[in-house]
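**Q** I am attaching a structure below and will ask some questions about it afterwards.
The values are calculated or read from the model by the stated rules, or taken from the named source; none is laboratory data. Small disclaimer: the values here were computed from a predicted structure and weren't measured. Here Cβ is always computed from backbone atoms with ideal geometry, including for glycine, and neighbour counts include all displayed protein chains.
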Amino acid sequence: MAIIPFIVLKKTTMKRITLLATILSTLIYSIGEAQVDYKQSVGIRLGGDANGLTYKYQKNSTTGIEGILHSASFGRGFGLTGLYEKNQTAFGRKEFQFYYGAGAHIGFYRSGFYKSRYNNTLYYYNSTSTQLGIDGIIGLQYHIPTIPFAISLDIKPTIEFFSPIYSFIDGGFSIRYTF
């Protein structure tokens, strides 16, 4: 009787266990090899509307360029955001950085229903559309000194220019592998 739950558990969670073991092995292997100063990072961003992949290139210690490939309009499409960012040391420690900047985005949406954020009205778009807008960003990043990862929290205000014109503020959490 005790063997059956183990077999069922093993079949349903083998992929998760393998992924966790791979991540832990990578972290253990990379301890001591992490860089405090890095040129590039790649990871995921979890936000209110812009959830997706993030890539950051540090031009130098004070400027960087970030790209975010994300879901758009709560899963109705996808978008690409490009940001030019300025960095400065926070709290007098080089592993902490404040960053701020601006950029633009383009998004592609499919038809369907969506609920307005402002008045809970249900709208229907019967054709696909393209969205253009501008973005700002301000955040705090912590580069973990013992492993090649950085985590950050940010606020990203956005203004959309087409169908309809509106603005909103998207907060996000990112974790990136640095190299």
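**Q** Looking at segment 48-77, which of its residues are in a strand (DSSP E or B), modelled with pLDDT under 90 and in contact with a Ser or Thr (Cβ under 9 Å, 6 or more places away or on another chain)?
**A** Gly77
**Q** Then there is this: Just to be sure I understand the filter: pairs with C-beta atoms under 8 Å, separated by 6 or more residues or on different chains, first member in segment 43-54 and more than 16 Å from Tyr109 (Cα to Cα) and free of Cβ contacts under 8 Å to residues at least 40 places away in the same chain, second member of a type outside the set (Lys, Arg) and surrounded by fewer than 17 Cβ atoms within 10 Å (Cβ to Cβ). Which pairs pass?
**A** What qualifies is Leu53/Val42; Leu53/Ile44; Leu53/Leu69.
**Q** If you don't mind, there's one more thing I want to ask. Is it true that Gly32 is modelled with pLDDT of 75 or more and not hydroxyl-bearing (Ser, Thr, Tyr)?
**A** Considered against the rule, which asks whether it is modelled with pLDDT of 75 or more and not hydroxyl-bearing (Ser, Thr, Tyr), Gly32 comes out as no.
**Q** To continue, here is another question. Anything in segment 92-122 that is at pLDDT 65 or above, within 21 Å of Ile159 (Cβ to Cβ) and over 17 Å from the mean Cα position of the chain (by Cα)? List them, or say none.
**A** Selection gives Phe108, Tyr109, Asn119, Thr121.
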